[in-house]
Amino acid sequence: QHDEVSINTVVGLGASVSGNLKVSGFARIDGDIDGDIEATGRIMIGEKARIRGNVSALSVIVGGVVIGDIVAPEGVQLLATSSVIGDLVTKRVRVEDQVLFHGYCIALENETSFSDAQRLWQDVKAIRSKSVFTKVSD
């Protein structure tokens, strides 16, 4: 069990990360990340942060820009300063006024319904990501 009160990882304002970031526990992002972020706990994305990649955690609070999908079973909160271009997959979502959101939102509180919808969403995303189709000749 991780201590959800203290921040385990900080990417500060002005910091830039190119590549995927995997952290244990609670992470706060105030810099720029070009890659996917995965945390075992919560992720807080500050209003100056710019993320170009998918975000996966127990819960996510977004104050900045995310261009990518957010998967957070326990909840997603989009603050007034946030912009998200991508899908949200969660059990609970809270969206403040002035948010820019463009994507699909799956928000189902029932565990079974959520799991089924998440699997279907992952299957559809996998199929859509295949950009090259080859014809089998006889």
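The values are calculated or read from the model by the stated rules, or taken from the named source; none is laboratory data. Not measured: the values here are computed from a predicted model. Every residue, glycine as well, gets a Cβ built from its backbone with ideal geometry; the counts of neighbours run over all protein chains shown. Ligands, DNA and RNA are stripped out before the accessible areas are found, and what is left, the full protein with its side chains, is counted by its heavy atoms. Shrake-Rupley method; radii C 1.70, N 1.55, O 1.52, S 1.80 Å.
Within the straight-line cut-off of under 20 Å between alpha carbons, the aspartates and glutamates reachable from K48 are D30, D32, D34, D36, E38, D69, E96, D97, sequence neighbours fewer than 8 places apart in one chain being disregarded.
Sorted largest first, the spans of the alpha carbon positions of region 19-93 along the three principal axes are 27, 26, 18 Å. Please check which bits of region 78-95 a label hung off S113 would reach, taking the label as a point 7 Å along Cα-to-C-beta and the cut-off as backbone N under 20 Å. Once the point is set 7 Å along Cα→Cβ of S113, 88-95 turn out to lie under 20 Å by backbone N, inside region 78-95. Our summary gives region 1-60 a relative contact order of 29 percent, counting only alpha carbon pairs under 8 angstrom and 6 or more residues apart. Over the chain, DSSP H runs of length four or greater, each weighted -39,500 (n - 2.57), average out per residue to a 222 nm ellipticity of -4500 deg cm²/dmol. A 1.4 Å probe run over the chain, with the rest of the protein chains in place, finds 60 Å² accessible per residue.
Which order do peptides 38-47, 18-27, 110-119 fall in by mean Cβ count within 10 Å, highest first?
38-47, 18-27, 110-119
From the alpha carbon centroid of region 90-131 to that of region 10-45 is 21 Å.
For mean projected area of the Cα convex hull in nm², the candidate list reads (1) 16.2; (2) 10.3; (3) 11.4; the entry that matches the value derived from this model is (2).
If R0 is 30 Å, the Cβ-Cβ spacing of D97 and V17 corresponds to a FRET efficiency of close to 0.50. With θ taken as phi - 60° and the Karplus curve 6.51 cos²θ - 1.76 cosθ + 1.60 applied, the whole-hertz 3J(HN,Hα) list for region 70-76 is 10, 10, 8, x, 7, x, 10 Hz, x standing for glycine and proline.
Carbon and sulfur together cover what percent of the accessible area of region 1-119 at a 1.4 Å probe radius? Each step should come with its number before you reach the end.
On the way: 3030 of 6190 Å².
Carbon with sulfur: 49 percent of the solvent-accessible area.
Scanning residues 5 or more positions from I33 or on other chains, those with amide H under 5 Å from its amide H are V17, R50, I51, R52, with H placed 1.01 Å from N in the peptide plane.
Remark: relative contact order (the chain) = 12 percent; criterion is Cα-Cα distance under 8 angstrom and separation of 6 or more residues.
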